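Single-structure report; data block below.
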Amino acid sequence: QVQLVESGGGLVQPGGSLRLSCAASGTIFNIFAWAWYRQAPGKQRELVAAITRGGSTNYADSVEDRFTISRNNAKNTVYLQMNSLKPEDTALYYCNRNPPMTDYWGRGTQVTVSS
C-alpha cells in the first residue's frame with residue numbers, strides 16, 4: 001500500500017521560511033520523478049516544484065528563486081525548502097510522483113502565510 005506522509009507546514013509571517021518533508025512508502029522511490037503540489041481554497045491543485053530521478057529540478061514561475069526541491073533516495077523522502085514566503089503561497093501542500101499517482105494522495109500539510 002502506497003503511503004505519502006507530508007509534514008513541516010505551519011503558520012508563518014510573510015518573508016518567513018518553512019521546510020516541508022514527504023516520506024514515501026510502499027513504492028519504489030529512487031527510479032521516479034517526484035514533485036510538490038499545492039491547492040489553495042477554491043483553486044485547482046497545481047504543480048509547484050519537481051525533481052527528476054537524476055536530480056534535475058523545475059519550478060512554477062510563481063515560486064522560482066524562492067523554493068528549492070530536493071530528495072534523499074536513501075530515506076525515500078522529498079523536501080521543499082520555502083523561503084521568502086508570501087500570502088499567496090497559502091495552500092495545502094502535497095507530494096506525489098511526477099506525473100502523479102492519481103489514486104494515491106497523502107493528507108497534505110497546511111502552509112499559512114499571514115501577519
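The values are calculated or read from the model by the stated rules, or taken from the named source; none is laboratory data. What you see is a predicted model, and the numbers here were worked out from it, not measured in a lab. Backbone-built Cβ (ideal geometry, glycine too); neighbour counts: all protein chains shown. These accessible areas exclude ligands, DNA and RNA; they are computed on the full protein's heavy atoms, side chains included. Shrake-Rupley method; radii C 1.70, N 1.55, O 1.52, S 1.80 Å.
Of note:
- Residue count, region 25-50 (criterion: of a type in the set (A, V, I, L, M), farther than 23 Å from GLU88 by Cβ and at pLDDT 95 or above): 1
- Hits in region 1-11 - residues which are of a type in the set (Val, Ile, Thr) and either modelled with pLDDT of 95 or more or surrounded by fewer than 14 Cβ atoms within 10 Å (Cβ to Cβ) (or both): VAL5
- Just so you know, in region 12-49 the residues that are under 17 Å from ASN98 (Cβ atoms), among the polar types (S, T, N, Q) and part of a loop (DSSP other than H, G, I, E, B) include one that is least open to solvent (accessible area, probe 1.4 Å), and it is THR27.
- Checklist (1) part of a loop (DSSP other than H, G, I, E, B); (2) surrounded by fewer than 14 Cβ atoms within 10 Å (Cβ to Cβ) applied to VAL63, failing item: (2)
- Criterion violated by VAL5 - all others in (1) in contact (Cβ under 8 Å) with a residue 60 or more places away in the chain; (2) under 15 Å from the mean Cα position of the chain (by Cα); (3) at positive phi satisfied: (3)
- Counted residues, region 67-78 - those being of a type outside the set (S, T, N, Q) and open to solvent by less than 30 Å² (accessible area, probe 1.4 Å): 3
- Residue that is most open to solvent (accessible area, probe 1.4 Å), among those in region 79-115 that are of a type in the set (A, V, I, L, M, F, W, C) and in a strand (DSSP E or B): LEU92
- All positions within region 63-75 that are within 14 Å of the chain's Cα centre (by Cα) and farther than 16 Å from ARG19 by Cβ: GLU64
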